[in-house]
Each structure stands twice: as C-alpha cells, then as structure tokens.
Amino acid sequence: MSLISPVLDNRHQIRQSIRQRQIVDSNERISSGNRLNNNQSIDSGALRISTRLKVENKISHSARKNLENAYHLAQYQSDILNYANNTMQRMNDLAYEATDIMKSVSDRENLNTEFQSLSGQLTDLLYDRTYDKVMFDPLSSTNIETIDLPPPSAGSSARVSEKIDIGALASKVKLWWDPLTARDRFQIYVGGKRIFDTGEYRSNVGGRRAEVVNGETRTGDYFEVDFGPGKISVTEASDNRGNGDFLDYHDTQPTSDYPFTDAPDGDSSIVEFVINDEGPEGISKSSGTVWYRWLEIEKQKIEGPTGIKNENGDLLQIEPVGFSTMAGLSLLTREDASNALSKTREEGKSIETQIFTLSKTFSEIKFETERVESKSQSQKISLGRIQDTDMASEYTGLAKNLLLQESSNKAMIHSRISAENVFNLLF
C-alpha cells in the first residue's frame, strides 16, 4: 500500500510520459540528422522553407543531369563531324589525284572505288542512331543543292516511278492529283518505306476541282504531306471532290483505309513517287486510265532533342548537324574528278564551320552547367542549415531528460519504500 497522493502519482506519470516522448524525438533527430523531422509543431516556417528548397534542389539536379547529357550528345556530334571532316579531306585528295592527266582508266577506277567506299561510310554516319536520337540532318550542310522537282506530268495506267534525293530528312510535299473518273493510285516512299498512299483514287466525283497556282491552272484534289523522322501528317483541301475508298475500277470493293500514312524512320533522304503500283492488296490495274499530276517539295530542317536547362523550365535544344555524303559523284573521268574536287573542298569548309558552331555550344552548356551546379550547392547548404540537428543542444536535452527520468523514478521508488515503513510502524 502506498501513502503517495494519487494526484502526485498521476502527475509523475504524465511528466514521465512527456520526457519519454522527448527522449524518443531527440534520439530520432540525432540519428537522422534532421532537426525538423517533418514535424510542423517544431518550426512550421523552417519546415515550409526547407520543403520549398527540396523541390528547387530536385529541379536543379534534374537540370544539371540534362545539361550533362546534352554535353555528351554535343560531344558525340563533334566526334562524328571531325571524322567526317577527315574523310572529306581524303576524298578531296582522291579527287585531286584523279584529275591528273597521266592517270589511266584503271587508276581512276581504283581511286573511284575508295571514293565510293568513303561515301558509304559518310552515309552510315549521317543516319547513325547510337543514342536513339536524330542528331544529324543533311540539310544542315551549306552545300546541299536544290533538288530537281518532277515536272507536271500526265500518264496512263502504266506504272511510273520517280526517285529523288531531296537532301533532307523532313519535307512538305504538295500534291495535285487528278485521275479523273477512273481510278489510279499515287504513293510516296522514303528510304523504301511507304509513307503515303491515296488508294485507288478518282478525283472527278460530281465535278472536277481546279485552282490557279502561280498563274497556272492545276486540276485535281490537293494534298499536303508533311513528314519527318517519326512523324507524318496529311492535310486535304476542304473542297476535294474525289476519294480512294475503293480498291478496284468498278467501285465494288469498298474500304476506309485511305489515304494511308506511315511515318518515315528518318534513315534516308531518298524520296520515291510511284503511280499505279499494284499496292499491298494486289489489285491489278485496269487499262485505259488517264491522270494528271503536279508536285512541289519544300525541304524542312529537323529539330534535335530538347530538355530543361534550368530551374525555370527553359528548354535547351541540341541543333542537328550534317554533311553531304557525296553520293552520285565519281572519279571515272577527269571532268567528274574535277567536279568532285570542288564539291569535297566546299563540303570540308561547311563541316569546319559547323565544328566551330559546336564549340560555342560546348561553352554555353558548360557555363549553364556550372551555374546550375553552384545554385544546387547553395540550396544544399541552405537546406542543411535549416534542417540539420543542433547536436550540442539535442545531446544536452537528451541528457537532461534521461537524468530527470532516472532521478524521478528513484525518488518515487524511495517514497514508496518510506511510506511502507511508516505504515508498518503504525500498525
């Protein structure tokens, strides 16, 4: 039996419970090093500021990683351009040798063999996808010549194929297609891949569409095929009359799959226009059809990979670089060799200019990386000052609570023993 007042005993238990919680909290803060320990009751203002700094620091860290990746991509571009520059110099040397009047036909054939091999290497480099990014665009070269567009043409049911190197990976093809009342098919291939197909199309359905372009009357339905690596879109004139929703001449096999589109892979600048191919359905063409066609091609530059470059969300874009592969040139005659000599010399200058531009890109990325890194370190320091435990204060408080807890327990035990002795003496 204890003579201690129940009130005093309860008060003691409450104090001991508070001290125990303080001891546990101190242990957690000392072990974690975090003074706030996500507890708003300790310092709500400091917790709010530290939370904001955490978010900002994560963004800064993400921007720094993005800039580091951008630096690697730019370095990769630089390595490829330097290799292409050395290759172009070798091709220039070969062309120079081939212009020698004393070279025999056999000598020029040997020189041309190496020249063509080097051209193939440049092609492989231009369409390399090591990082699964489109980093090179032939249109970035300052020496890519204007393409020769197919002239306005007309034809019959016979198959027609026109293949052109447009010197670009992206383009907008403007097509006026007029197969009249019979059905003819128009297709576009890029690097051998079918990217656009009108289906078995007729344009004169309830009338014939016509418009004047640059003073010239062009009949037939109008399409814009805008394509690039991994993307394609087709826009049709609102007043188009025809359709390609049937597979045969007699409109007995309907379909809703046309016009067909499929994005190119971005691995070729060779575009082929095909008229009256049998198509994937294998429908044989009827004879006696008549069609008219006009084409315009607008080459477009591609966009490189993008990512954030700072904590404000501003975007950094890696611009593609590129070069001519010298495809189509040869050294088999002195005249051809002289032309190749001029082309390779001009292309070498273009590559050197792009290398100089890349050095500027390196400087900008390096400066931005250092700025973001400096800000990230400042954020970490500020965050540490707010969050880090005051070890001296925490250890002092912990020792105090442990001492009070132990002393209080001993006092209570002593009080209970003393009270029991008094009770024994009285009774």
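Values computed for the structure shown
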item: Filter pass, Glu281 being under 30 Å from Pro138 (Cα atoms), under 37 Å from the mean Cα position of the chain (by Cα) and not assigned by TED's automatic domain parsing to the domain that holds Ala327; result: no
item: Answer from Thr357, Thr361 - the residue that is assigned by TED's automatic domain parsing to the domain that holds Asp79, polar (S, T, N, Q), surrounded by fewer than 21 Cβ atoms within 10 Å (Cβ to Cβ) and touching a residue at least 40 places away in the same chain (Cβ under 8 Å); result: Thr361
item: In region 98-118, the residues that are of a type in the set (Gly, Ala, Ser) and either surrounded by 19 or more Cβ atoms within 10 Å (Cβ to Cβ) or part of a loop (DSSP other than H, G, I, E, B) (or both); result: Ala98, Ser104
item: Residue under evaluation Leu125, criteria (1) in the same structural domain as Leu295 (by TED's automatic domain parsing); (2) among the aliphatic types (A, V, I, L, M); (3) on the phi < 0 side of the Ramachandran plot, criterion not met; result: (1)
item: Residue count for region 301-336, restricted to those that are in contact with a Gly (Cβ under 7 Å, 6 or more places away or on another chain) and at pLDDT 90 or above; result: 0
item: Hits in region 221-244 - residues which are of a type in the set (D, E, K, R), touching a Gly at 6+ places or on another chain (Cβ under 6 Å) and not in a loop (DSSP other than H, G, I, E, B); result: Asp221
item: Which listed residue, of Val205, Val160, Val173, Val212, is over 30 Å from His72 (Cβ atoms), in contact with a strand residue (DSSP E or B) (Cβ under 8 Å, 6 or more places away or on another chain), without any contact (Cβ under 8 Å) to a residue 12 or more places away in the chain and not assigned by TED's automatic domain parsing to the domain that holds Asn339; result: Val212
item: Residue identified as more than 34 Å from the chain's Cα centre (by Cα) and either under 27 Å from Ser268 (Cβ atoms) or at pLDDT below 90 (or both) among Arg385, Arg371, Arg345; result: Arg385
item: Failed criterion for Arg218 (all others in (1) part of a loop (DSSP other than H, G, I, E, B); (2) more than 26 Å from Ala327 (Cα to Cα) hold); result: (1)
item: Some residue of region 128-139 being of a type in the set (Ser, Thr, Tyr), assigned to a loop (DSSP other than H, G, I, E, B), in the same structural domain as Leu81 (by TED's automatic domain parsing) and touching a Ser or Thr at 6+ places or on another chain (Cβ under 8 Å); result: no
item: Residue count for region 187-221, restricted to those that are at negative phi and within 32 Å of the chain's Cα centre (by Cα); result: 10
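The values are calculated or read from the model by the stated rules, or taken from the named source; none is laboratory data. Predicted, not measured: the structure shown is a model, and the values here were computed from it. For neighbour counting, all protein chains shown are included, and Cβ atoms are generated from backbone atoms with ideal geometry for every residue, glycine included.
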